[in-house]
Amino acid sequence: MEAISCRQILVRRTIFAPEHDDFRQSVSGFLQREAVQHHDAWESDGKLDRAFWKKAAAQGFVGFEAPEELGGLGLRDYRFNAILVEECCRLGLLPDHFMLQNDVLGPYLIDLANAEQQARWLPGFTSGDLIAAIGMSEPGAGSDLRGISTTAKRDGDHYVLNGSKTFISSGTQADLVVVAARTSSEARASGAFSLLMVEGGMEGFERGRKLEKIGRGSQDTAELFFNDVRVPVENLLGDEGSGLRNLMRNLARERLAVAVAAVAGAEFALEITLEYVKDRKAFGTPIGSFQVSRHHLAQLATELRSARLYTDRCIEAEVAGDLDPVEAAGLKALTTELQWRVVDRCLQLHGGYGYMNEYEISRQWRDARVQRIYGGSTEIMWEIVGRGLGL
Ligand SMILES: Cc1cc2nc3c(=O)[nH]c(=O)nc-3n(C[C@H](O)[C@H](O)[C@H](O)COP(=O)(O)OP(=O)(O)OC[C@H]3O[C@@H](n4cnc5c(N)ncnc54)[C@H](O)[C@@H]3O)c2cc1C
């Protein structure tokens, strides 16, 4: 598939410098060479292609925020992270692996890990050899993180980990999992939780089946089980009792990443639909020329332009190191709900063809649905915004 220009719907953006434009071009070229042709096969395989990932890492597209001596580029500028996600979306590719590794796991491994931990894990992370995952959600606790029941009990130089996690992205192949566990019996106290790094191969760490999803086929999602896993104290991430605070801090950036993907994904869906409605005729005229279609598309394009500006404002805040969690929560809710309205209207405009898997819009529709759920559901996002209003 050719790169889509999005010229028809893009608002002028002011947050990028020439070095970002150069980076965007090289990301786009790399994805067109190394990803586009394989995307359908990756969807069938249902997981990340490690050979591709190593190539992406060799280009400097994985873990580039890490210090140079540990394989990164020392590049702390979220605009580069956003560009990777946007360029995937612009080519109809799933951005999830870049989002998960760079945007979600990066801060745990780079900011929270101590020097000894960084030396152990960052070289593999930046070379693409080590895939990381994060295990917060459990069968009995998703939105309500204080309901986590996985426990880590101190026993000498180890924590003994028991419990399970579900819906874990990259769970089937992760080499390292950040696991949120209860290290204190205080029921819902924020200091009751800690983060432990569980490594593939540790005795008692088992993976369940790969979960069958509606969409996002090339990302695997799995259940994880911990049965008396002895995790050395050296694998505690941050201080004991700081787990919830660190999760909350990093969730703002995760929500920004989901929003970046939502806006870019919606722009792509709208763009392919504009092409379609100019071409497809009914009653002797292109379907895009019916006033009802024109107005729907005009409204969505305008909403997308304004969502893009709000997203860029949050990207700038993240670059400056002051992304506000309330602002990020509102952004996630607004952009993912908009993405859903866009893809659903775009599928409708494709008529019956939109319901056929061979049409790209059907994939966009399937993949978009979960954006309103993971990283914190829309309802929880509005709760956060509501509390920010003092309500
Ligand atoms: C494809 C996929 C990938 C994921 N990847 C990961 C991952 O890598 N790591 C990880 O830890 N988790 C992951 N998740 C889990 C995801 O974050 C949770 O699914 C999400 O937080 C919602 O939790 P839940 O599914 O338990 O729903 P529940 O918490 O049971 O919520 C069900 C419904 O109730 C609503 N609700 C809950 N509380 C309230 C409230 N107070 N007010 C109003 N409504 C409320 C919710 O909005 C939702 O609509 C993933 C999920 C999916 C589907």
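The values are calculated or read from the model by the stated rules, or taken from the named source; none is laboratory data. A quick note: this is a predicted structure, and the numbers were derived from the prediction, not measured. Here Cβ is always computed from backbone atoms with ideal geometry, including for glycine, and neighbour counts include all displayed protein chains. Please note that ligands, DNA and RNA were not included when accessible areas were found on the heavy atoms of the full protein model with its side chains. Shrake-Rupley method; radii C 1.70, N 1.55, O 1.52, S 1.80 Å.
Numerical summary
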quantity	calculated
Residues being assigned to a strand (DSSP E or B) and more than 8 Å from the ligand (Cβ to nearest atom) - total across segment 127-137	1
Which listed residue is within 17 Å of the chain's Cα centre (by Cα) and assigned to a helix (DSSP H, G or I), from Leu94, Leu109, Leu48, Leu31	Leu109
Residues of segment 262-305 that turn out to be open to solvent by less than 70 Å² (accessible area, probe 1.4 Å) and under 30 Å from Leu323 (Cα atoms), as a count	14
Val231, sole failed condition from (1) open to solvent by 10 Å² or more (accessible area, probe 1.4 Å); (2) over 23 Å from the mean Cα position of the chain (by Cα)	(1)
Residue within segment 310-317 that is within 30 Å of Thr166 (Cα to Cα) and either of a type outside the set (Ser, Thr, Tyr) or surrounded by fewer than 18 Cβ atoms within 10 Å (Cβ to Cβ) (or both) present	yes
So Leu100, is it in a helix (DSSP H, G or I), open to solvent by 10 Å² or more (accessible area, probe 1.4 Å), at negative phi and touching a strand residue (DSSP E or B) at 6+ places or on another chain (Cβ under 9 Å)	yes
Single condition Leu84 does not satisfy, out of (1) open to solvent by less than 30 Å² (accessible area, probe 1.4 Å); (2) closer than 25 Å to Arg366 by Cβ; (3) touching a residue at least 60 places away in the same chain (Cβ under 8 Å)	(3)
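Conditions (1) under 15 Å from Asn235 (Cβ atoms); (2) outside the structural domain of Val233 (by TED's automatic domain parsing); (3) in contact with a Gly (Cβ under 6 Å, 6 or more places away or on another chain); (4) free of Cβ contacts under 8 Å to residues at least 12 places away in the same chain, marked per residue:
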position: Gly142; (1), (2), (3), (4): no, no, no, no
position: Asn162; (1), (2), (3), (4): no, no, no, no
position: Ile168; (1), (2), (3), (4): no, no, yes, no
position: Arg182; (1), (2), (3), (4): no, no, no, no
position: Glu186; (1), (2), (3), (4): no, no, no, yes
